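Step one of this worksheet: look at the structure below.
The values are calculated or read from the model by the stated rules, or taken from the named source; none is laboratory data. None of the values given here were measured: they were computed from a predicted structure. No Cβ is skipped: glycine too gets one built from the backbone with ideal geometry, and neighbour counts run over all protein chains shown. Note: accessible area is taken over every heavy atom of the protein model, side chains too, but ligands, DNA and RNA are not part of it. Shrake-Rupley method; radii C 1.70, N 1.55, O 1.52, S 1.80 Å.
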Amino acid sequence: MNWLTNFVRPKIQALMHKSEVPDNLWDKCDACEHMIFHRDLVDNNYVCHHCDNHMRMTVQDRLECLFDNKTFVKSPLSKVITDPLKFRDSKRYTDRLKDYRQKTGQDDAIVVASGKIGGQPAVVAAFDFSFMGGSMGMAVGEGILTAAELAVNTHAALIVIPASGGARMQEGALSLMQMPRTTIAVEKVREAGLPYIVILTNPTTGGVTASFAMLGDIALSEPKALIGFAGARVIEETIRQKLPEGFQLAEYLLDHGMIDMVVHRHKMPETVGRILGMLNPRTSTPVFL
């Protein structure tokens, strides 16, 4: 009986037991629906190999993609009141924040980092869409202010990379107050004679679009990024007209003079580096786009 129990049964169980396969080996493109091996997708900066769709990427990957040699220093952000309105919908706002912090490893929807891009000093404030849709609350406003002050103090360019559904409803009017706060922060950078560049990603909407996201000295965008204030359905119901095809996509905004360039993600670091080289008065060698 010991032979059957100790030898035969384990052999049979090993043959019949299905090997566990991690569920994160493959990703599906949200445009063409092709399945892509996760490692290949990461190596290609989350751009679909089949249709060139620019998929969402983590803040960490985006910063590593943009900064020279993937080297940068993250800046701590000032603490803000966690739940000023004691808001509750289907769950408490404090519980919702706790869940997203555990899920993303971030304190809120923005990360501020500094380093060099194309050899030029830069401060980057990048949004994390996976944190409550990149919604802008007091913490995000504080992040933009921190990035602007750091840029001025270190005489570096300010680069903001929004990916947001707009203002955070759980903070009510306090979230809307971040629109003038971030606008003032941008003005401080301009008063210091420093470049302010915005890299628009999918999506950039709501109060983010209506404030700092459209105030860049130079506005770049990834291909086919959705950029707008209100949704297309709301606009159509308001004006009672059918919107043009591709309305609010980056290419449409480029054709109508709303942004300056649509840049492929693979070429974004090089393009931003050249722009910073032209705008930096300390650069002795002429640089051309």
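Observations
- Between the Cα long axis of helix 138-154 and the first principal axis of the chain there is an angle of about 60°, rounded to the nearest 10.
- Cα gyration tensor shape for the chain, rounded if a/c is under 1.5, else prolate or oblate: prolate
- In the chain, the longest principal axis of the Cα atoms and the axis of helix 93-104 are about 70 degrees apart.
- Shape call, the range 41-199: gyration tensor on alpha carbons, a/c limit 1.5: oblate
- Here residue 188 is the anchor, and the aspartates and glutamates within straight C-alpha reach of less than 12 Å, apart from those fewer than 8 places off in the same chain, are 149.
- Stretched out straight at 0.36 nm per residue, the stretch from residue 270 to residue 242 would grow longer than its current Cα-Cα span by 6.2 nm.
- Segments 133-139, 42-48 sorted - mean Cβ within 10 Å per residue, highest first: 133-139, 42-48
- Under the convention that each Lys and Arg Cβ holds +1 and each Asp and Glu Cβ holds -1, the size of the dipole of the chain around its Cα centre is about 780 debye.
- Added length on full extension, which subtracts the Cα-Cα distance from 0.36 nm per residue, residue 130 to residue 64: 22.0 nm
- Straight-line reach from residue 116: taking Cα to Cα under 17 Å and skipping same-chain neighbours fewer than 8 places apart, the lysines in range are 70, 74, 267.
- Between residue 75 and residue 50, residue separation times 0.36 nm minus the direct Cα-Cα distance comes to 5.3 nm.
- Estimated FRET transfer efficiency (residue 251, residue 230; beta-carbon r; R0 22 Å; 0.05): 0.65
- In whole percents, the pair-distance distribution calculated for the range 139-280 from its alpha-carbon pairs, binned every 5 Å from zero, is 2, 10, 18, 21, 19, 16, 8, 4, 2, 0.
- Sum of -39500 (n - 2.57) over DSSP H runs of 4+, divided by residues of the chain (222 nm, nearest 500): -10000 deg cm²/dmol
- When nucleic acids and ligands are ignored and a 1.4 Å probe is applied, residue 266 ends up with an accessible area of around 90 Å².
- With contacts taken as Cα pairs under 8 Å and at least 6 residues apart, the range 75-166 reaches a relative contact order of 30 percent.
- Cleavage-rule hits, trypsin sites (Lys or Arg not before Pro), the range 234-267, DSSP coil, Cβ neighbours within 10 Å at most 12: 240, 242
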